[in-house]
Amino acid sequence: MKINTKLLHGYPVIDPETGASSIPKYQTSTFHQKDVFNHTGYSYSRFANPTVDAAEKCIAALENAEYGLAFSSGMAAINSVLFMLSNGDHLVLGKNIYGGTFQTVNDFLVRFGVECTFVDESNVQEWEEAIQPNTKMFYLESPSNPLLTITDLKEVATIAKKHNILTASDNTFMTPLSQHPLELGIDIVIHSATKFINGHSDVVAGLVVTNNEDLHTQLKMHQKALGGTLGAEDAWLMLRGVKTMGLRMEKSIANAQQIAEHLLTKPQVKNVYYPGLSTHKDHDVHVKQASDGGAVLSFELETEEQVAHLFEQCRVPIVAVSLGGVESILSYPWLMSHACMPEEERLNMGVTPTLIRLSCGIEDIEDLLSDLENSIK
């Protein structure tokens, strides 16, 4: 089954009770028990809900996974994975990490007694050199947010397996249409479904998949006990949005490739970060593990004045936190996605006051290029 067919037919999409062409919103907190002594169905929506179940089966199908779990946000999904670590454990993760993940590591895991080491995620050797006797998890993100750095997922997963270390990878940027970390040896894959999977900037949701039953059981317990279960309304909206994901991504990725190539020609642009460019330092690694460059790019201007001018003049993209909508979204990592990080940490990872991130939508490329041309001076 090819992807656009799979997005419409590869998981529960028809209500088994009525034949409705859309799984209903089971907007309920609790369920009547016909036989209190022999529970065989649903009991409470924090534990399980038919609409949420369909969303979980959807992401499992898209990632070719045995198990899927849906959470109330991308951060809820990330935290459900990171909270598998215990006092005395050691975590290794890339230094170019999403700001929310960085905050969980430094404000919670460290306080809970988990040791953490940040490495250059593009250097496979650094992952192995960081291993300690108590290392329990590698946490990866490829491409990274917002600098689009690349980690060789297969090589790092091989190292982890050799040392009996769990691997978890955030696949939000590439989506399950372009990259399959489980097939590269990763144990757990995470998505912020807020982004491309839903695709309409009207849902906050997170997803986790795995092929390991024991990991699924533990993560399911985290979902229930920590209270981060996805609600029925957002699950239904996600199921609606994902149906057009293949068509949306095809256009957004094509736009990103053309814009990245155009930005390379602009003398005011110091750097363009997009793994679909042959000039990206890890382009060869990326194309080995992904089918395209994705729909997100970042670029760096020369001055903060140019940054201010761009945000003032751009008319087509919205300016906002988040990414992955049908509309293009410009964001300013320095004051948005990575604002929770100390200034020194932001600068060390390359998040500067002149860095801009662009999530490409499905607008006509001529309008996007014209808008950028008028805004970059």
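The values are calculated or read from the model by the stated rules, or taken from the named source; none is laboratory data. Bear in mind the structure is a predicted one, so any value in this text is a computation, not a measurement. Glycine also receives a Cβ, built like all others from the backbone with ideal geometry; neighbour counts cover every protein chain displayed. The accessibility values were calculated without ligands, DNA or RNA, using every heavy atom of the protein model including side chains. Shrake-Rupley method; radii C 1.70, N 1.55, O 1.52, S 1.80 Å.
Taking every C-alpha pair closer than 8 Å and separated by at least 6 residues, the mean separation divided by the residue count of the range 3-240 gives a relative contact order of 25 percent.
Roughly what percent of Cα-Cα pairs across the range 3-240 reach past 32 Å? Distances greater than 32 Å cover 21 percent of the Cα pairs. Working note: Karplus 6.51/-1.76/1.60 with θ = phi - 60° gives the range 18-27 the couplings 10, x, 4, 6, 9, 4, x, 7, 7, 7 Hz, where Gly and Pro are set to x.
The amide H of S169, built 1.01 Å from its N in the peptide plane, has L140, I188, V189, I190 as neighbours under 5 Å, considering only residues 5 or more places off or on other chains. Here the Karplus relation 6.51 cos²θ - 1.76 cosθ + 1.60, evaluated at θ = phi - 60°, turns the backbone of the range 320-334 into coupling constants of 6, 5, 5, 6, x, x, 5, 8, 5, 10, 8, 9, 10, x, 4 Hz, with x for every Gly and Pro. Proximity of backbone amide H atoms, modeled 1.01 Å from N, is registered between N271 and E300 at under 5 Å, excluding neighbours fewer than 5 places apart on the same chain. Amide H contacts for C116 (H built 1.01 Å from N in the peptide plane; partners 5 or more residues away or on another chain; cut-off under 5 Å): L91.
Could you provide, to the nearest whole Å², the per residue accessible area of the chain with probe 1.4 Å?
Accessible area per residue: 42 Å².
Since only Q125, T18, T194 are under comparison, the one whose Cα sits farthest along the positive direction of the charge dipole of the range 3-240, derived from C-beta charges on Lys, Arg, Asp and Glu, is T18. Here the dipole of the chain is about 860 debye; that uses its Cα centre as origin and unit charges on the Cβ of Lys and Arg (positive) and Asp and Glu (negative). Among the protein heavy atoms of the chain, carbon and sulfur supply 52% of the accessible surface, probe 1.4 Å, non-protein parts ignored.
Could you tally the net charge around N271, taking each other residue with its Cβ under 13 Å from the Cβ of N271, Lys/Arg +1 and Asp/Glu -1?
Its environment carries a net charge of +2.
Rounded, prolate or oblate, given the Cα gyration tensor of the range 246-376, with a/c below 1.5 counting as rounded? Here the range 246-376 falls in the rounded category. Here the spin labels are modelled as points 7 Å beyond Cα on the Cα-Cβ line, and at E312 and E129 they lie 4.6 nm apart. For the range 242-364, the relative contact order comes to 28 percent (Cα pairs under 8 Å, sequence separation of at least 6). For the chain, the mean residue ellipticity at 222 nm estimated from helices alone is -10500 deg cm²/dmol, where every DSSP H run of n ≥ 4 contributes -39500 (n - 2.57) and the total is divided by all residues, rounded to the nearest 500. Relative to the first principal axis of the alpha-carbon coordinates of the chain, what is the inclination of helix 153-162, with its axis defined by its Cα atoms, in degrees from 0 to 90 and to the nearest 10? It is inclined by approximately 50 degrees. To the nearest ten degrees, helix 245-263 and the longest principal axis of the Cα atoms of the chain are 20 degrees apart.
Here is the list for the range 214-307: GluC sites (Glu not before Pro) lying in DSSP coil, each with at most 16 other C-beta atoms within 10 angstrom of its C-beta, are E302. With a Förster radius of 41 Å applied to the C-beta separation of T279 and M1, the computed FRET efficiency comes to 0.70.
Across the range 123-135, coupling constants 3J(HN,Hα) worked out from phi with the 6.51/-1.76/1.60 Karplus curve, θ = phi - 60°, read 9, 4, 4, 5, 4, 5, 5, 7, 5, 10, x, 9, 5 Hz, and Gly and Pro carry x.
Against the chain, whose longest principal axis is taken from its Cα atoms, helix 304-313 shows a tilt of about 70°.
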